[in-house]
Amino acid sequence: MAEGWAKHLKPDLESYSAGTKKQGLNPYAIKVMAEVGVDITSHESKTTDELPTQEMDFVFTVCSDAHENCPYFPNGKVIHTGFDDPPRLTEAMSSEEEILSVYRRVRDEIKEMVTTIEKYME
């Protein structure tokens, strides 16, 4: 969702998204992003090993697992902006509406961070 918002709201920035392990695109994330007009269906699940680490100016970690396991980015300033992890929060939920509610909340929190990203880059 972070890469989707970054590409949608800040197209002048080169944005990448990756996790500590590949998990595929989450159908709930796709759905809640589509609700606000952001199509992430062409995004790929990547690991940080697949990123051009030498070229990063800023690295935003958005969950505690990524922050704790973030690789070294020699030219990048690492900024942790933690968010709840929707798959982890919803793994015991059975109600689709309850699950989507969690994804929507986190989607909106990430949007707010991306909207104000310049304050983190000072």
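There is no residue in the stretch 11-20 that is among the charged types (D, E, K, R), closer than 17 Å to Glu112 by Cβ, at pLDDT 75 or above and surrounded by 12 or more Cβ atoms within 10 Å (Cβ to Cβ). Looking only at residues in the stretch 85-122 that are loosely packed, with under 14 Cβ neighbours inside 10 Å and basic (Lys, Arg), the one that is nearest to Gly19 (Cα to Cα) is Arg88. State whether the residues of the stretch 50-61 include one that is modelled with pLDDT of 80 or more and out of contact with any Leu (no Cβ under 9 Å at 6 or more places or on another chain). Yes, the stretch 50-61 has at least one match. Go through (1) crowded, with 17+ Cβ neighbours inside 10 Å; (2) hydrophobic (A, V, I, L, M, F, W, C); (3) modelled with pLDDT of 85 or more for Ala34 and report which single condition fails. So the condition that Ala34 fails would be (1).
When we screen Tyr28, Tyr16 for residues that are under 20 Å from Arg104 (Cβ atoms), of a type in the set (Ser, Thr, Tyr) and out of contact with any strand residue (DSSP E or B) (no Cβ under 6 Å at 6 or more places or on another chain), the only hit is Tyr28. Does any residue in the stretch 28-46 that is touching a residue at least 12 places away in the same chain (Cβ under 8 Å) and closer than 11 Å to Glu3 by Cα come within less than 7 Å, Cβ to Cβ, of a residue that is among the aromatic types (Phe, Trp, Tyr) and surrounded by 12 or more Cβ atoms within 10 Å (Cβ to Cβ) six or more places away or on a different chain, and which pairs are these? Close Cβ pairs satisfying both conditions: Val38/Trp5. Considering only residues in the stretch 72-122 that are more than 13 Å from the chain's Cα centre (by Cα) and hydroxyl-bearing (Ser, Thr, Tyr), the one that is farthest from Lys31 (Cα to Cα) turns out to be Tyr72.
The values are calculated or read from the model by the stated rules, or taken from the named source; none is laboratory data. Since we're looking at a predicted model, the values are computed, not measured. Cβ coordinates were reconstructed from backbone atoms using ideal geometry, including for glycine residues, and neighbour counts include every protein chain displayed.
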